[in-house]
Amino acid sequence: MKKLIKNGICALGFSVFLAMTPITSQASGHGHGHGAAEAVKSLTPAETMKTIIEGNDKFKAEHDSHHFDSFQNGQTPNITFITCSDSRVHTHLFGMEPDNHEFVIRNVGNQIGNSEGSVDYGIHHLPTKVLVVLGHSSCGAIKAAMGDYSKETPGIKKELEPLKPVLAHDDGQGSFKERWAENVERNVDYQVNYSLKLYGDQVKSGDLAIVGAVYDFNNNYGKGRGTLVVTNVNGETDIEKIIDDPLFKDIPTGDVVNHVGSLAPAVNW
Ligand SMILES: [Zn+2]
């Protein structure tokens, strides 16, 4: 049962993913439309700069200088996130104040290998006790890697090539949308496995938990649009075992069930 629920927003392709012009729902950046996609407005470069400078002034006005006291000389984050550069994905979705709490690394397709030193820093030097590999619905990097990207720039090709082992497990069955969603999850699983090779000792000693998850704004998992769906914990992809993992002991079981899912068959990486 891997039918994807049809969604109302067109999936963004890699060409859009690469677009240089920022596109936002409104200049305020806080549009929360319902139903069909609302009209989007492209800001001019000057409007964009005005937005970020004024936004920073607003932030400063709302936070007195003591806001910076606890971290002015060093950071003490709780979590390392590696997620996609996609503009639809931001960690403020998950309830933790990002300032001094989240060490975030972003690249196309949330790939450990393309930012390995940064992830090493988060795990070895900060060190955070949780590493989350976060993929997302309709990831343009996964879509691009599923197609012909031979005419892309050397830089883009270099960052898509490492996804080949992921797509080698795509059997081509099902619709493109189904395969795309499965490959997003498959990539998360691959990245968790990659990170286990780097940080397996910390996991074994209980100093680190590695979590794979998909931010599902297309309801591919049937748990509602915008759900954080955990698909992998320390290499375990069996839903029942994930639900029973002590990592979730402080969360009511019903809530955990609503945040654990699987679309792609397990792979022995
Ligand atoms: Zn992406």
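Any read-out appearing in this document is the output of simple, stated calculations on the displayed coordinates, not a laboratory observation. Note that the coordinates shown come from a computational prediction; the quantities given were computed from them, not determined experimentally. Because the Cβ atoms are built from the backbone with ideal geometry, glycine has one as well, and the counts that use them run over all protein chains shown.
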>> Run the numbers for Lys241 and Glu97: contour at 0.36 nm per residue of separation, minus the present Cα-Cα distance, in nm.
In response: 48.9 nm
> Is the shape of region 72-139 best called rounded, prolate or oblate, per the rule: a/c under 1.5 gives rounded, else a/b larger than b/c gives prolate, else oblate, with a ≥ b ≥ c the square roots of the Cα gyration tensor eigenvalues?
Replying inline: oblate
>> Cut-off 10 angstrom, C-alpha nodes, Gaussian network model of the chain. Which of Ala141, Ala168, Ala213 fluctuates the most?
In response: Ala168
>> Connecting C-alpha atoms closer than 10 Å in a GNM of the chain, tell me which of Pro127, Pro162, Pro252 has the biggest fluctuation.
In response: Pro252
> If you take the alpha carbon radius of gyration of the chain and divide it by 2.2 N^0.38 Å, what ratio comes out, to two decimals?
Replying inline: 1.04
> For the pair Val130 and Asn219, how long in nm is the line joining their label points, each one 7 Å along Cα→Cβ?
Replying inline: 2.7 nm
>> Suppose a student asked you for the relative contact order of the chain, using Cα pairs under 8 Å spaced at least 6 residues apart; what percent would you report?
In response: 17 percent
>> When a/c reaches 1.5 or more, the comparison of a/b and b/c decides; with that in mind, is region 152-228 rounded, prolate or oblate per its Cα gyration tensor?
In response: oblate
> Separation of region 75-103 and region 120-135 by C-alpha centroid, Å?
Replying inline: 11 Å
> Tally Lys and Arg at +1 and Asp and Glu at -1 over the other residues with C-beta under 14 Å from the C-beta of Gln202: what net charge comes out?
Replying inline: 0
>> What's the ranking of 129-138, 202-211 by average number of surrounding C-beta atoms within 10 Å, highest first?
In response: 129-138, 202-211
> What is the Cα centroid distance between region 49-64 and region 196-252, reported in whole angstrom?
Replying inline: 35 Å
> What pairs from Lys143/Lys241; Lys204/Lys241; Lys143/Lys164; Lys129/Lys204; Lys143/Lys223 go past 19 Å between their alpha carbons?
Replying inline: Lys143/Lys241; Lys143/Lys223
>> Can you tell me the length gained on complete extension of the stretch Asp148 to Ser42, counting 0.36 nm per residue apart and subtracting the Cα distance?
In response: 35.3 nm
> Between Thr76 and Ile156, how many nm apart are label points set 7 Å from Cα along the C-beta direction?
Replying inline: 4.4 nm
> Rounded, prolate or oblate: which fits region 174-267, taking a ≥ b ≥ c as square roots of the Cα gyration tensor eigenvalues, rounded meaning a/c under 1.5, else prolate when a/b beats b/c?
Replying inline: oblate
>> Antiparallel versus total DSSP beta bridges in the chain: what percent is that, nearest 5?
In response: 30 percent
